[in-house]
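Just below is one structure, and these are the notes that go with it.
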Amino acid sequence: MPQALIVMRWDARVGTETLAAYPADAELQDKTLMQIVSQHEYTGSAGFSTLMAGAINIASYYTGSDRAIYLILVLGTDEEPDTFEEGMLEAANQVVLNAETNLEKMLPAIFQRLSLFPKLTDEQRLGSIYNSNLKRMIINRLREDAIVSKSELSIWIKDQYKEAFLNVDNIVNDLIKRGICKITSIKGHAVDLLVLVHDLMILRIPPEYLIKDPVDRHLPDSLKSAYLTEVKNFFKTYKPNDEDNIKIVEEVLLDGAVYEVLDRKSVV
């Protein structure tokens, strides 16, 4: 279980500056923070890195020189930092978007999501993709064009999403890893092409097991008729849309406690 999440900015004149932390009193020694900075400076670009500093196990994400923000996840000694890489990329984008406003308020939720990330099911990981504005933008573009050059996509999405730091390669690689798209090439063209091979769809369905026998599922008999009427009326007018789908992802799929209760296996 991760122990803390720290958001730090580095400036050559003033050194390290902690922007927010969860828990609020979490901190690392200046020596350790400088080790993290040096490790990322060695690569010279935005990206993920790991560090063992004495007994401290760390996963970190650097947003690049434009923002110079470091997202630092302090882990237990027996945890594998690499399993948090995908989650750190998403968290870094959220941090950048909120660095100047409500970062402290958002950090507990970001920490919770990161803590759960290595144990997410395939369904939850797909939900996490859908919940990413950046990845959803790419999928929507590919729905329209089916195929687009990687370089063109990079320019387009940076223009569309100017307020966030972007590591397009990592974003695209995650979509490829999840089987949403793939990279291909055409003879005679020296560009990589991104092709949509699978799509994502989220929708609500009637609660089959509850409808069959709601009383046996601990609903009071006096409420049975009203409950069945409510379900029927809801699905008469229900139409999937992004706003509702994102709500499902955030409040069900990516909320560990809720997901465990509502997972189909739990109600069979």
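The values are calculated or read from the model by the stated rules, or taken from the named source; none is laboratory data. All values reported here derive from a predicted model rather than from experimental measurement. Positions of Cβ are generated from backbone atoms using ideal geometry, with glycine treated the same way; all protein chains shown enter the neighbour counts. Side chains are part of the model used for accessible areas, which takes the heavy atoms of the whole protein and leaves out ligands, DNA and RNA. Shrake-Rupley method; radii C 1.70, N 1.55, O 1.52, S 1.80 Å.
Candidates are the residues of region 165-180 that are in contact with a His (Cβ under 9 Å, 6 or more places away or on another chain) and open to solvent by 10 Å² or more (accessible area, probe 1.4 Å); the one that is modelled with the highest pLDDT is GLY179. Note on region 17-27: among residues that are in contact (Cβ under 8 Å) with a residue 40 or more places away in the chain and within 24 Å of ASP66 (Cα to Cα), the one that is least open to solvent (accessible area, probe 1.4 Å) is ALA20. You will find that of SER49, SER45, the residue that is part of a loop (DSSP other than H, G, I, E, B) and closer than 21 Å to ASN173 by Cα is SER45 and no other. Out of region 41-65, which residues are exposed (fewer than 12 other Cβ atoms within 10 Å of the Cβ) and aromatic (Phe, Trp, Tyr)? If the condition is that a residue be exposed (fewer than 12 other Cβ atoms within 10 Å of the Cβ) and aromatic (Phe, Trp, Tyr), then TYR42 is the only one that fits.
One line per residue, one yes/no per condition, for (1) under 19 Å from GLU123 (Cα atoms); (2) out of contact with any strand residue (DSSP E or B) (no Cβ under 6 Å at 6 or more places or on another chain); (3) in contact (Cβ under 8 Å) with a residue 40 or more places away in the chain:
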| position | (1), (2), (3) |
| --- | --- |
| VAL168 | no, yes, no |
| ASN173 | yes, yes, no |
| GLY179 | yes, yes, no |
| GLY188 | no, yes, no |
| VAL191 | no, no, yes |
| VAL197 | yes, no, no |
| ASP221 | no, yes, no |
| THR229 | no, yes, no |
| PHE235 | no, yes, no |
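So, ASP244, is that one out of contact with any Phe, Trp or Tyr (no Cβ under 8 Å at 6 or more places or on another chain) and either free of Cβ contacts under 8 Å to residues at least 12 places away in the same chain or surrounded by 12 or more Cβ atoms within 10 Å (Cβ to Cβ) (or both) or not? For ASP244, the condition - out of contact with any Phe, Trp or Tyr (no Cβ under 8 Å at 6 or more places or on another chain) and either free of Cβ contacts under 8 Å to residues at least 12 places away in the same chain or surrounded by 12 or more Cβ atoms within 10 Å (Cβ to Cβ) (or both) - is met. With respect to (1) open to solvent by 60 Å² or more (accessible area, probe 1.4 Å); (2) in contact (Cβ under 8 Å) with a residue 12 or more places away in the chain, the lone exception for SER38 is condition (2). Of the numbered criteria (1) touching a strand residue (DSSP E or B) at 6+ places or on another chain (Cβ under 9 Å); (2) part of a loop (DSSP other than H, G, I, E, B), the one ARG9 fails is (2).
Selection of region 100-132 for residues being surrounded by 18 or more Cβ atoms within 10 Å (Cβ to Cβ) and part of a loop (DSSP other than H, G, I, E, B) yields LEU120, SER132. Evaluate the following for GLU90: is it touching a Ser or Thr at 6+ places or on another chain (Cβ under 7 Å), open to solvent by 10 Å² or more (accessible area, probe 1.4 Å) and among the acidic types (Asp, Glu)? Yes: the conditions hold for GLU90. Checked against (1) within 21 Å of ILE246 (Cβ to Cβ); (2) open to solvent by 70 Å² or more (accessible area, probe 1.4 Å), TYR209 passes all but a single condition, namely (1).
Is it true that LYS135 is open to solvent by 10 Å² or more (accessible area, probe 1.4 Å) and either more than 30 Å from ILE186 (Cβ to Cβ) or in contact (Cβ under 8 Å) with a residue 24 or more places away in the chain (or both)? No, not satisfied. Every test in (1) assigned to a helix (DSSP H, G or I); (2) more than 22 Å from ALA20 (Cα to Cα) is passed by VAL148 save one, and that test is (1). Just checking, does region 182-193 include any residue being open to solvent by less than 30 Å² (accessible area, probe 1.4 Å) and assigned to a helix (DSSP H, G or I)? No, the conditions are met nowhere in region 182-193. With the condition kept exactly as written, say whether any residue in region 216-236 is under 30 Å from VAL148 (Cβ atoms), modelled with pLDDT under 95 and either open to solvent by 40 Å² or more (accessible area, probe 1.4 Å) or within 27 Å of the chain's Cα centre (by Cα) (or both). No.
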